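Asks: The following block contains the structure, expressed as structure tokens.
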Amino acid sequence: MFEIKDTAAGLTVTMIREPEPRNPRMADENLFQIVTWIPDLGDAHDWPNEQAFLASINHEETVMMPLTTILIRGRHALVPAYKDTDRVVGYAFASFESICLFNKMGKITDEVRSRVLENAEYTCLGELSAYEEFIAGDVHMYHVVDKRGELLEEERNICGSEYAMSKAKDAFQRHLYGIQMDL
């Protein structure tokens, strides 16, 4: 648990571990689809095997990242397969079309291609990281209350303790500033 109080302003922010975390693969709008052939790992799909998947993908118009697994708390989590020796168990992929929709752009031109694809890779890594933090139980929530105990703000299902703490501190400062401006 993490807590900040300002008794003069009557403001408190409390961050705790999320009691009922939701799977970010099921609840969030993800750019990348994750395909594996390991039961209960990755997103639902109809490809019977890796060969069928690879044959159906337009490799010229798709960003793909091979994935391997690591064990966290007895459960598999997916991470990028960077080494040739890593056993590929699936892929994270996004079509250029979905990347354009995600970034609210018309098309990927030669001028922006490398930057857009680099940003897509960061997005994929973020989605994988959120899933890994979910598996590890590193999901938090915070709430900000005033001196009367009234809830001013709450955010749930924040993956990663450092990120959650940063968001909680920002919310506290924002409300503290609002109180100070009202004086």
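What follows is calculated from the coordinates using simple rules that are stated; it is not laboratory data. This is a predicted model, so every value here is computed, not measured. Glycine also receives a Cβ, built like all others from the backbone with ideal geometry; neighbour counts cover every protein chain displayed.
Asks: If you keep only loop residues by DSSP, which GluC sites (Glu not before Pro) in segment 92-183 have at most 10 other Cβ atoms within 10 Å of their Cβ?
Replies: Numbers: sites: GLU97, GLU111, GLU118, GLU121, GLU127, GLU132, GLU133, GLU150, GLU153, GLU154, GLU155, GLU162; in loops: GLU111, GLU150.
Here the sparse-neighbourhood loop sites are GLU111, GLU150.
Asks: Considering only DSSP states other than H, G, I, E and B, which GluC sites (Glu not before Pro) in segment 27-69 qualify as loop sites with at most 16 other Cβ atoms within 10 Å?
Replies: On the way: sites: GLU29, GLU50, GLU60, GLU61; in loops: GLU29.
Answer by residue number: GLU29.
Asks: Do any trypsin sites (Lys or Arg not before Pro) in segment 1-89 lie in a DSSP loop with no more than 12 other beta carbon atoms within 10 Å, and if so, which? Intermediate values should be presented prior to the final figure.
Replies: Values: sites: LYS5, ARG17, ARG22, ARG25, ARG73, ARG75, LYS83, ARG87; in loops: ARG22, ARG73, LYS83, ARG87.
Qualifying residues, ordered by number: ARG73, LYS83, ARG87.
Asks: LYS167: which aspartates and glutamates have alpha carbons under 12 Å from its alpha carbon, excluding same-chain residues fewer than 8 sequence positions away?
Replies: By straight Cα distance, LYS167 reaches GLU153, GLU154, GLU155.
Asks: Next up: Any idea what diffusion coefficient the chain gets from Stokes-Einstein, in µm²/s, Kirkwood Rh on alpha carbon pairs, 20 °C, 1.002 mPa s? Each step should come with its number before you reach the end.
Replies: Numbers: Rh = 18.9 Å.
Result for D is 113 µm²/s.
Asks: Give me the angle, in degrees from 0 to 90, between the Cα long axis of helix 113-136 and the longest principal axis of the Cα atoms of the chain, rounded to the nearest 10.
Replies: For helix 113-136, the angle is close to 70 degrees.
Asks: Sequence gap at least 6, Cα distance under 8 Å: using those rules, report the relative contact order of the chain to the nearest whole percent. All intermediate terms of the calculation are to be shown ahead of the outcome.
Replies: Details: 263 pairs, mean separation 53.0, N = 183.
Reported relative contact order: 29 percent.
Asks: In addition: What do you get for the angle between helix 161-182 and the principal long axis of the chain? Use alpha-carbon atoms, 0 to 90 degrees, nearest ten.
Replies: For 161-182 against the chain, the angle is about 40 degrees.
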